[in-house]
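First up is the structure itself, then whatever we jot down about it.
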Amino acid sequence: MRAVFLLLLWMGALFGVETYGPALQIEVNGMAKDIVLDGDRLCIGTDTGRLQVYDTIQKAFVKEITIPDIKDFTGEQVPATVFSIDYRNGKYILLSDSGIGGYSNLWVHENNQTRQLIDPKEKKPIIKARFVDDRHLLLGYLSNEAALYDLDTGKESYRVQLCESRFSDFALNDDHTKAVFACESGILYLIDVVTGKVIRELKGMNLDNVYKVDFKDSKVSGAGQDRRGSIYDVETGKGEYIEGKFLIYATGLSPSAQRVAFAMDEQNNIYIYNTGSKKQIALLKGQKSTLNAILFKDEKRLFSASDDSTVMMWKIK
């Protein structure tokens, strides 16, 4: 195995593409479903009803939040899947399944106390939640509706239908004033977070479902079922794409948006490109399963999570 890896390194150097293995492997309790960063701490949501916080400097878990089990369709008690998480100024949010009609549970954890914000009685099939500010969350519904939720009142300032296609993912820009929503149609919807109004449609690069999106410094990347990794300029609406070898399940942009990552092949390898030249600059090998999240910490460090219990950190030049 070592000989094969050394051969790959040599081939990468020969053709100008560096090949890297993981710099750190973090074993979590369950399957990792979502990751977010809080400085040097990585927050990880799992399918065992947990949010685990890992300190990348200490190389140790420093906090764990657990939510109650749910009943599955057979009536058996099982752990809830925490499929969307976030952190801001001492508050954690956990979005999980309820086992009832496809509706979601939403929890907030603060001062070592966890309380439920939304339960299945409200019949809300929410897929993703992120902090906009200390008081508001942006919600993405399965029905491809965007909503702004007030943590203090428990009410939505708006809830708007973007299109009839099924929701896939959304990403906020750096100052949380805009968000881009992805769906089965391949069209990306750029919205104003305060009002929910659609500012622009980004289209033409993906012709099918866009599984994941990222949004950094006026650039948007999309991971497409059509094997296209799309890159858009949100100011002009113009885009380009990079052809993959397989369905592209995940993407991430570096903070400067000068680098973009895509999961581009059947072996779950991560390809790093320069967003301007579209030239490949790195290949990350070692991910075990289908990727569901890629997250840059800075221009040279990134994290990835897949459908297994290992979250990986990578270091590139």
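Listed by chain and number, the aspartates and glutamates whose alpha-carbon sits under 20 Å from that of Lys203, ignoring those within fewer than 8 places in the same chain, are Glu145, Glu164, Asp169, Glu184, Asp192, Asp214, Asp217, Asp226, Asp233, Glu235, Glu240, Glu243.
Can you tell me the orientation of helix 2-14 relative to the chain, as the angle in degrees between its alpha-carbon axis and the longest Cα principal axis, to the nearest 10? It works out to around 70 degrees. Bridgeable aspartates and glutamates around Lys285 (alpha carbons under 13 Å apart, same-chain partners fewer than 8 residues away excluded): Glu18, Asp265, Glu266.
Given axes a ≥ b ≥ c from the Cα gyration tensor, I'd like to know whether the chain is rounded (a/c under 1.5), prolate (a/b larger than b/c) or oblate. Oblate, since a/c reaches 1.5 and b/c is not below a/b. Relative contact order of the chain, taken over Cα pairs closer than 8 Å and 6 or more residues apart, is 13 percent. Between the range 279-317 and the range 66-85, how many Å separate their Cα centres? The two parts, judged by their Cα centres, are 28 Å apart. Rounded to the nearest 500, the helix-only mean residue ellipticity at 222 nm of the chain stands at -1500 deg cm²/dmol, with each DSSP H run of n ≥ 4 adding -39,500 (n - 2.57). Here the dipole of the chain is about 640 debye; that uses its Cα centre as origin and unit charges on the Cβ of Lys and Arg (positive) and Asp and Glu (negative).
Only the coordinates and a few stated rules stand behind these numbers; no lab work does. The structure presented is a predicted model; accordingly, all values stated were derived computationally and were not measured. Ideal geometry is used to build each Cβ from the backbone, glycine not excepted, and the neighbour counts take in all protein chains shown.
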